[in-house]
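Values quoted throughout were computed directly from the atomic coordinates according to the rules given, and no laboratory measurement underlies them. As the structure is a computational prediction, the values presented were derived from the model and not from experiment. A quick note on method: Cβ atoms are made from the backbone with ideal geometry, for glycine too, and the neighbour counts reach across all protein chains shown.
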Amino acid sequence: MSIPNTIKASVMRGLAAVAAIAAIGSVAACGSGEAADGSSAGKVEVVASINQWGSVARDLGGDHVDVTAIMTKTNVEAHDYEPTAQDVAKIGAAKVAVVNGADYDPWASKAAGSAKATLVDAAETGGIKEGDNPHVWFSAKVRSAAADAITKAYQQADPAHKDDYAKLNKDWHAKEDRLESKIGDVSAKTKGLPYAATESVAWYLADDLGMTDATPKGYKQASANESEPTAADINAFRNALEDGESIDMLVLNTQEENSTTKQIISAAKEGDVPTVELTEQMPSQYDDLLDWMDALVDDFANAAAK
């Protein structure tokens, strides 16, 4: 599935100035207790653009790393996020930087590319490129590939603890394997099940569950292009939900609720279509990406059983 993303001009215009300030911040960081190898107090300094990947970075580094995630709240739209000078400076001072990629956080990718940090681009590790659906933390394939890339970066940055990182990687994969086994079990109920989504943030998870995206074409294209759906697009979506036959589940991104989604929610209730509610960013009640994914799999399973 290919989904183009629009980068706000204000971010790109401001990035050059931000980077210049960040360079100063980087120099200051190096002179304030940071070791020559990029570590602080013996730990490898790691910066992740979003909390999802920050949680994976923490799991894989244990006590040997100090991880900072820049985006940690569900009320922020990453596509529209405008980084501060401090944000970019943090990436510039890090030993390892983990970005989402696929044009989701271009400000972070650019800052890491011009800094000393070893860059881990999660989307790239899973073969996802610019123009594809960028919400790659929902993908089992990308999670696993990104985890291995992070471990490799740690082992290169801190070879003295190479074996510890290998053990942490094995433990992480054991948990991911349990999640994927659960996805396989739930897919017995969800395989081929037609669903529609207000936004395609969970497309990869739905695909792992074997579900079929039945979101009306016009609405889906408008959402992909980050434009407003037409009245005809909205009516087509509402009619498909209200008939209670062509769509068996609605996936709602509560992070982006508006007057249009309220109409869609109402139509789903009218058609007795069960709804799975989720956010694009990891909710505050979770500090581990795999725990969040596990809970979402349960939500999909419960909705499919209704």
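Key figures
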{"quantity": "Calculated [θ] (222 nm, deg cm²/dmol) that DSSP helices of n ≥ 4 give over the chain, each run adding -39,500 (n - 2.57)", "calculated": "-16000 deg cm²/dmol"}
{"quantity": "Reciprocal of mean inverse Cα separation for region 114-173 (Kirkwood radius, Å)", "calculated": "12.4 Å"}
{"quantity": "Separation between Cα centres of region 73-125 and region 242-273, rounded to whole Å", "calculated": "34 Å"}
{"quantity": "For peptides 284-291, 234-241, sequence by mean Cβ density within 10 Å, most packed first", "calculated": "234-241, 284-291"}
{"quantity": "Förster-model FRET efficiency, 41 Å R0, Gln221 and Asp163, C-beta, rounded to 0.05", "calculated": "0.25"}
{"quantity": "Cα-projected label distance for Asn75 with Ser266, points at 7 Å along beta-carbon direction, nm", "calculated": "2.6 nm"}
{"quantity": "Least to most buried among Trp172, Trp107, Trp137 (fewest other Cβ within 10 Å first)", "calculated": "Trp172, Trp107, Trp137"}
{"quantity": "Global geometry of the chain, whether rounded, prolate or oblate, following the gyration tensor of its Cα atoms and the 1.5 cut on a/c", "calculated": "oblate"}
{"quantity": "Relative contact order [Cα under 8 Å, 6+ residues apart], the chain, whole percent", "calculated": "18 percent"}
{"quantity": "Among Trp203, Ser187, Val276 - extreme Cα towards positive end, dipole of the chain, charges at beta-carbon", "calculated": "Trp203"}
{"quantity": "Separation in nanometres of the label points that stand 7 Å from Cα toward Cβ, at Asp294 and Asn235", "calculated": "4.7 nm"}
{"quantity": "Cross-link partners of Lys90 among lysines (Cα-Cα below 16 Å; sequence separation of 8 or more within a chain)", "calculated": "Lys43, Lys110, Lys116"}
{"quantity": "Exposure proxy order (Cβ contacts within 10 Å, fewest to most) of Ser181, Ser144", "calculated": "Ser181, Ser144"}
{"quantity": "Residue exposure sequence - Val297, Val120 - by fewest surrounding Cβ within 10 Å", "calculated": "Val297, Val120"}
